[in-house]
Amino acid sequence: MMKQLFTILLFLTLAADAWAWKPLFVGHRGCNIGVENTAEAYRNGVDVYGYDGLECDVRVTKDGFYVISHDETTNRLGGNLTVADATLAELRAETYTQTRGGTIYTGHICTVAEYLAICVEKGVFPVIELKWTSGINNNDMSNFDGLAHLVIDQGLTDKVIFLTSMKKSQEYIAEHYPQFTRQWLCNANWEGNEEWCKQYGLHPSISIGNFDEATVKAFHSMGLNVAMWTVDTKANYLKYGNMGVYMMTCNSLNPSEMPELEDIDWGSDGLEQTSSETVSVEATDYYTMAGKSIDRSHASEGICISVKHLSDGTTRTDKILEW
């Protein structure tokens, strides 16, 4: 195929239009409709609220099953077992009760396998918080491999987020499973750990009230995005969304009722500046702004440039030359 060289003068005015966006919304322990961390709460998190992701808390039973429980014991929800000392059958036999918003809900323990199946069914991403449990802790990660393969077997490798405050556990995952996205669960203790986060590729998930806009921009400059917990009012949505927080964990906030946000001024990140650039392109090659080559079939009606929108990770493709 003949390769003909030609030059295109590209005038890119990337800041000409402000882009509206929303952060990603994650259902905290599912949502507030149903007993926390149960199948009902997870399904309602998507069916009622339309969350993009669902968060869970993982522990390991006496007989080696991965189950979802925030606490070490089931006492707060009306049970009387310690998860690490109970079998899955014993835990399944318990009925949990929780009053939320004046409504009494009942439910049963949910396994990680069941939770992942719901994420696949509903088309949302899992956010798996690791609690200190048998074989998943700072001293011993021998049970993590089994959990990782549950995720991999469900085809969720590129969607899952592993979240934990346990630093040694984070380092283990980064070293052994770098393909997984990881978030470090923290509060004000993020300060002083920025370089550690950068070293291990850990996006901070910071509790509400423990950071400001400068924090978000500082992490962003290192290629890390700030997530946060927990947001359940429009006022906090606007306050933190306008700082550039890209992911919010919620119990009851309805994303459809939240307004879109204006694009974030990241300063030196480049999306706000106007640039002109002369690019030499071979007739058989087509390029994105990131330099990724695409074939003609992906640009069948012209050469396209794809611009990544850093505020929410979406990509916009603009046709710049018709055939």
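Since every read-out is calculated from the coordinates, none of them should be taken as a lab result. Being a predicted model, the structure only gives us computed values, none of them experimental. Counting neighbours? That spans all protein chains shown, and the Cβs are built from the backbone with ideal geometry, glycine included.
Things worth noting here:
- The convex hull drawn around the Cα atoms of segment 24-257, when projected onto a plane and averaged over every direction, covers 12.1 nm².
- Built from the Cα atoms of segment 118-162, the convex hull projects on average onto 3.2 nm², one quarter of its surface area.
- Annotation for segment 63-139: GluC sites (Glu not before Pro) lying in DSSP loop with at most 13 further Cβ atoms inside 10 Å of their Cβ do not exist.
- Residues of segment 97-115 with amide N under 16 Å of a point placed 7 Å along Cα→Cβ from ASP71: 97-100, 105-110
- Segment 24-257 - charge dipole about Cα centre, Lys and Arg +1 at Cβ, Asp and Glu -1, debye rounded to 20: 300 debye
- Segment 24-257 - percent relative contact order, Cα under 8 Å, separation 6 or more: 19 percent
- Spacing of the two label points (7 Å from each Cα toward its C-beta) at SER142 and ALA89, in nm: 2.4 nm
- Distance between the pseudo-spin-label points of GLU213 and GLU194 (7 Å out from Cα toward the beta carbon): 1.7 nm.
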